[in-house]
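Everything on this sheet refers to the single structure shown next.
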Amino acid sequence: MNVAVFVSGRGSNLQAIVNSPGLKNHVQVKAVISDKADCRAFQIAKAQAIQTFNVGSKTGFISYDELAYHLEELKIDLIVLAGFLKLIPIKFINYYKGKIINIHPALLPSFGGPGMYGINVHKAVFEASAKVSGATVHFIDDTYDTGKIIMQKCVDITDVSSPEEIAERVLQVEHQILPLVIQKFAEGKINIVDNRVIIN
Ligand code: GRF
């Protein structure tokens, strides 16, 4: 299975995908796409000789239509948003419907929606005095963070003393469930039955 990963920053999830032993044999990251001219995630891609693309309206960047053309050529089966901060045009999302997933650093449907990205999510969780948080992998649809949930994993945050500490714990489980979901996709084990996502 061929995968394209969208990134905007550090790229630790991309690194987790690239390093995952469960993905070695049947999953290939063929493209890394960013809205930033340069970011740490791009350096990870380049170190692995993975093709990179810049998408958006900035000078020298390609459009989403052009990107779709390149992804077709690369025979991409699954698009993974791993810390991608820009809203993707609906036309592109519809084109890849059912084949585009995102990792969110909280337990959706709580702590999602506009503005809920990065440390903002963990601040909101901390201020709510929540006792658990976690990571969610979900399908992308046409609004923020509302697509069907594929996989979640909780972390206990009863004893944390800062949003940053929550972020650290959640990131550990992100690195576990994102590669696992990709593996399940590659194995054809993710299906929608009666409007629910079922993993076999
Ligand atoms: C992760 O917490 C992800 O859930 C969120 O942005 C962060 C990206 O981290 N959407 P990284 O770039 O994968 O290190």
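So, for region 2-190, what is the accessible surface per residue at a probe of 1.4 Å, expressed in square angstrom?
Working: 9100 Å² over 189 residues.
Computed with neighbouring chains in place, this is 48 Å² per residue.
Take the cross-link list K99/K153; K24/K97; K153/K184; K36/K58; K36/K184 and give me the ones stretching past 18 Å between alpha-carbons. Before the final figure, lay out the partial values.
Working: K99/K153 21 Å; K24/K97 25 Å; K153/K184 16 Å; K36/K58 9 Å; K36/K184 30 Å.
Pairs exceeding the cut-off: K99/K153; K24/K97; K36/K184.
How charged is the neighbourhood of L107? Take every other residue with its Cβ under 14 Å from the Cβ of L107, and add Lys/Arg as +1 and Asp/Glu as -1. The partial results should precede the final answer.
Details: positive: K131, K153, R169; negative: D145, D156, E174.
Net of charged neighbours comes to 0.
Which whole-number percent is the relative contact order of the chain (Cα, under 8 Å, 6+ apart)?
It rounds to 20 percent for the chain.
Sort 130-140, 70-80 by packing, meaning the average of other beta carbons within 10 Å per residue, with the highest value first.
Details: 130-140: 21.1, 70-80: 17.4.
By packing density, highest mean first, the sequence is 130-140, 70-80.
May I ask for the net charge around I44, where only other residues with Cβ less than 14 Å from the Cβ of I44 are counted and Lys, Arg are +1 while Asp, Glu are -1?
Here the charged neighbours net out to +3.
Please state the relative contact order of region 102-200 as a whole percent: Cα pairs under 8 Å, 6+ residues apart?
Details: 161 pairs, mean separation 26.9, N = 99.
Averaging sequence separation for qualifying contacts and normalising by length gives 27 percent for region 102-200.
Can you give me the Kirkwood hydrodynamic radius for region 2-190, using every pair of distinct Cα atoms, in Å to one decimal?
Details: mean 1/r = 0.0596 Å⁻¹.
Here the Kirkwood hydrodynamic radius works out to 16.8 Å.
In whole angstrom, note down how far apart the Cα centers of region 55-72 and region 1-19 are.
Each part reduced to its Cα centre gives a spacing of 18 Å.
K46: accessible area at probe 1.4 Å, nearest 10 Å²?
120 Å²
Hey, what number do you get for the chain at 222 nm if only DSSP H runs of n ≥ 4 count, each worth -39500 (n - 2.57), divided across all residues, to the nearest 500? Write out the running numbers ahead of the final one.
On the way: 6 runs with 65 residues, N = 200.
Per the formula, -10000 deg cm²/dmol.
With a 1.4 Å probe and all protein chains left in place, how much of the accessible area of the chain comes from carbon and sulfur atoms, in whole percent?
On the way: 5140 of 10050 Å².
Carbon and sulfur atoms account for 51 percent of the accessible area of the chain.
The values are calculated or read from the model by the stated rules, or taken from the named source; none is laboratory data. Here the structure is a predicted model, which is why all the values come from computation and not from measurement. So basically every Cβ, Gly included, is an ideal-geometry build from the backbone, and we count neighbours across all protein chains shown. SASA here: full protein model, heavy atoms, side chains in, ligands and nucleic acids out. Shrake-Rupley method; radii C 1.70, N 1.55, O 1.52, S 1.80 Å.
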